[in-house]
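A short worksheet on the structure shown next.
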Amino acid sequence: KNQVEQSPQSLIILEGKNCTLQCNYTVSPFSNLRWYKQDTGRGPVSLTIMTFSENTKSNGRYTATLDADTKQSSLHITASQLSDSASYICVVSDRGSTLGRLYFGRGTQLTVWP
Amino acid sequence: EADIYQTPRYLVIGTGKKITLECSQTMGHDKMYWYQQDPGMELHLIHYSYGVNSTEKGDLSSESTVSRIRTEHFPLTLESARPSHTSQYLCASSDLRGQVDTEAFFGQGTRLTVV
């Protein structure tokens, strides 16, 4: 069964600190993995997208890693800001006969305190 | 900035009413999706489309229906709303290059409350 598991479920950190969010998946055949940021009551916004051959991708203070062998990904946030408070969702796309399906994790709820 | 729009952003209606949630994208994407999301929970796929005149049901059973008469437009309709339909509905689109989805862009969502 294709699944995406994220940890931790929620996280509270102080402004300026770093944090790392984890994503494990069982989706096969793998196409790509994306990290989205979703503010409360809004639609998800893409942070990074990585294919099988990529193992690191950065977008400002966000750095995503991918280990396609162990089927794990992480999202590292550097020097957190109050505006980073949001849900971070890991999404994996397959390369199946249905022309690609998106599988969503439940997200990690990040809260940054001043 | 993604060019995908949902209207209305918020909707409160009475039980039994018929409603249509609008979703439009100006990126020429082939694939469009509707997701349902309850607070603090993951997104559940309820409908998707590969292109004009193509519609498929998603993983989560839904009493809603969709249509895809034009590439840019993917409305979702509830013939008779019930309180159990209260949720956030998110529309998304992506492009197909070969058999690989490109990045999916999401609308801002419609928060539906049925009283």
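The values are calculated or read from the model by the stated rules, or taken from the named source; none is laboratory data. Nothing here was measured: the structure is a model prediction, and the numbers come from that model. Glycine gets a Cβ as well: all are built from the backbone with ideal geometry, and neighbour counts include every protein chain shown.
Residues being touching a residue at least 24 places away in the same chain (Cβ under 8 Å) and either over 13 Å from the mean Cα position of the chain (by Cα) or closer than 13 Å to A:GLN22 by Cβ (or both): count how many of those fall in segment A:49-69. Steps first, please.
Of all residues in segment A:49-69, those touching a residue at least 24 places away in the same chain (Cβ under 8 Å) come to A:62, A:64, A:66, A:68.
If we keep only those that are either over 13 Å from the mean Cα position of the chain (by Cα) or closer than 13 Å to A:GLN22 by Cβ (or both) as well, we get A:64, A:66, A:68.
Adding up the residues that qualify gives 3.
Regarding A:SER46, is this residue in contact (Cβ under 8 Å) with a residue 40 or more places away in the chain and either within 30 Å of B:TYR10 (Cβ to Cβ) or not hydrophobic (A, V, I, L, M, F, W, C) (or both)?
No: the conditions fail for A:SER46.
Go through segment A:30-77 and give me each residue that's of a type in the set (Val, Ile, Thr), within 11 Å of chain B (Cβ to nearest Cβ) and farther than 26 Å from A:THR111 by Cβ.
The one that is of a type in the set (Val, Ile, Thr), within 11 Å of chain B (Cβ to nearest Cβ) and farther than 26 Å from A:THR111 by Cβ: A:THR51.
Confirm whether B:ASP59 is under 18 Å from A:GLY43 (Cα atoms) and charged (D, E, K, R). Show your work before the answer.
Values: under 18 Å from A:GLY43 (Cα atoms): no; charged (D, E, K, R): yes.
So B:ASP59 fails the test.
Looking at (1) under 14 Å from the mean Cα position of the chain (by Cα); (2) surrounded by 15 or more Cβ atoms within 10 Å (Cβ to Cβ); (3) away from chain A (no Cβ under 11 Å), find the lone condition where B:ALA81 falls short.
Among (1) under 14 Å from the mean Cα position of the chain (by Cα); (2) surrounded by 15 or more Cβ atoms within 10 Å (Cβ to Cβ); (3) away from chain A (no Cβ under 11 Å), the lone unmet condition for B:ALA81 is (1).
When you scan segment A:31-49, do you find a residue that is crowded, with 17+ Cβ neighbours inside 10 Å and more than 25 Å from B:CYS91 (Cβ to Cβ), even just one?
No - not one qualifying residue is present in segment A:31-49.
Consider segment B:95-115. How many of its residues are at pLDDT 85 or above and at the interface with another protein chain (Cβ under 8 Å from one of its Cβ atoms)?
Just the residues of segment B:95-115 that are at pLDDT 85 or above, to begin with: B:105-115.
Narrowing further to those that are at the interface with another protein chain (Cβ under 8 Å from one of its Cβ atoms): B:105-109, B:111.
Looking only at that region, the number is 6.
Would you tally the residues in segment A:5-29 being surrounded by 18 or more Cβ atoms within 10 Å (Cβ to Cβ) and at pLDDT below 95?
1
On the basis of being buried (at least 16 other Cβ atoms within 10 Å of the Cβ), farther than 14 Å from B:PHE106 by Cα, within 13 Å of another protein chain (Cβ to nearest Cβ) and not aromatic (Phe, Trp, Tyr), does B:SER49 make the cut?
Spelling it out, B:SER49 is indeed buried (at least 16 other Cβ atoms within 10 Å of the Cβ), farther than 14 Å from B:PHE106 by Cα, within 13 Å of another protein chain (Cβ to nearest Cβ) and not aromatic (Phe, Trp, Tyr).
Surrounded by 13 or more Cβ atoms within 10 Å (Cβ to Cβ) and at pLDDT 95 or above: does that describe B:GLU72?
Here the answer is yes, as B:GLU72 does meet what is asked.
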